[in-house]
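Let me begin by presenting the structure, written as structure tokens, before commenting on it.
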Amino acid sequence: MSERSGTLADDPFGGRHPTSHERLTGLPWDASYQDGPAPWDVGQPQPAIVRLASEGGFAGAVLDAGCGTGENALHVASLGLSVLGVDVAETALATARAKADDRGIEVKFASADAFELERLGRRFETVLDCGLFHTFVGDERPGYVASLARVTKHDGTLYMLCFSDDGPDTGPHPIRQEELRTAFSPSNGWNVAAIEPGRIETRYHDDGAPAWFATIKRI
Ligand SMILES: C[S@@+](CC[C@H](N)C(=O)[O-])C[C@H]1O[C@@H](n2cnc3c(N)ncnc32)[C@H](O)[C@@H]1O
């Protein structure tokens with residue numbers, strides 16, 4: 001079947017299995033980027049990521065899974081690291097590439113499904129998940145975590161910033177610490193090194209939403 005004339009061309013999910021969020025809304029992730037900034041698209045890197053980067057938390061090749069319009073990836077790349085941002089939303093990727101051009105930052109952005117990251121054909125010392133894991137419901141998580149494991153080098157580090165259940169004014173899909181520890185455990189190749197309270201800036205929280213900032217080692 002030709003991609004131009006066949007079902008793939010008509011499929012808003014590009015042949016992917018839609019995520020729970022897409023099934024719920026009936027729209028592909030890309031739709032979030034088509035009418036102005038998405039609620040999470042704050043136009044600057046998350047302060048928690050800036051702080052982590054300033055402390056030297058990023059090393060080697062870096063993957064930003066679900067990079068959106070790329071502010072976090074761009075910030076890390078601006079420090080001289082090799083960064084690949086991936087997303088399923090082509091509109092977000094186009095915006096991210098335009099920002100990289102405008103700012104003169106060397107960084108790559110590619111279309112890739114977080115459930116099939118091995119298709120990238122490479123592995124990374126550092127992986128960032130800023131706001132992707134918390135969009136997945138329970139039965140999606142094992143597949144995503146296994147995909148992350150396939151592209152994270154042994155002894156590599158996954159940093160995750162996700163909405164937490166700790167405090168008032170939580171974001172949608174707040175995550176409990178136990179959910180992180182269940183999803184990432186030695187039985188599937190991970191060791192949760194730290195989970196710290198933090199904030200995620202959004203367009204609808206004055207002072208950000210409560211978040212967990214997790215450091216998870218690939219073992
Ligand atoms: C809440 S947004 C966070 C975006 C970005 N990390 C940020 O901090 O602005 C989640 C992102 O994950 C992307 N995404 C959702 N499911 C995905 C999948 N299966 N593979 C790759 N990206 C995905 C969405 O398109 C969206 O850009």
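The values are calculated or read from the model by the stated rules, or taken from the named source; none is laboratory data. Quick caveat: nothing in here was measured; it's all calculated off a predicted structure. Cβ: placed from backbone, ideal geometry, glycine included. Neighbour counts: every protein chain shown. Remember, those area values only see protein heavy atoms, side chains included, never the ligands or the DNA or RNA. Shrake-Rupley method; radii C 1.70, N 1.55, O 1.52, S 1.80 Å.
See the values below:
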read-out: The lone exception for Glu196 - which of (1) farther than 21 Å from Gly56 by Cβ; (2) open to solvent by 70 Å² or more (accessible area, probe 1.4 Å); (3) not aromatic (Phe, Trp, Tyr) it fails; value: (1)
read-out: Test for Ala61: is it in contact (Cβ under 8 Å) with a residue 40 or more places away in the chain and under 21 Å from Phe184 (Cβ atoms); value: yes
read-out: Subset of the stretch 127-142 (residues that are of a type outside the set (Gly, Ala, Ser) and either within 9 Å of the ligand (Cβ to nearest atom) or surrounded by fewer than 23 Cβ atoms within 10 Å (Cβ to Cβ) (or both)); value: Leu128, Asp129, Cys130, Leu132, His134, Thr135, Phe136, Val137, Asp139, Glu140, Arg141, Pro142
read-out: Gly104 vs. criteria on the phi > 0 side of the Ramachandran plot, open to solvent by less than 30 Å² (accessible area, probe 1.4 Å) and of a type outside the set (Lys, Arg); value: no
read-out: Single residue of the stretch 56-81 satisfying the filter (within 14 Å of Val42 (Cα to Cα) and not aliphatic (A, V, I, L, M)) that is most open to solvent (accessible area, probe 1.4 Å); value: His75
read-out: Per-region count, the stretch 108-126, residues within 14 Å of the ligand (Cβ to nearest atom) and either at pLDDT below 95 or of a type outside the set (Phe, Trp, Tyr) (or both); value: 10
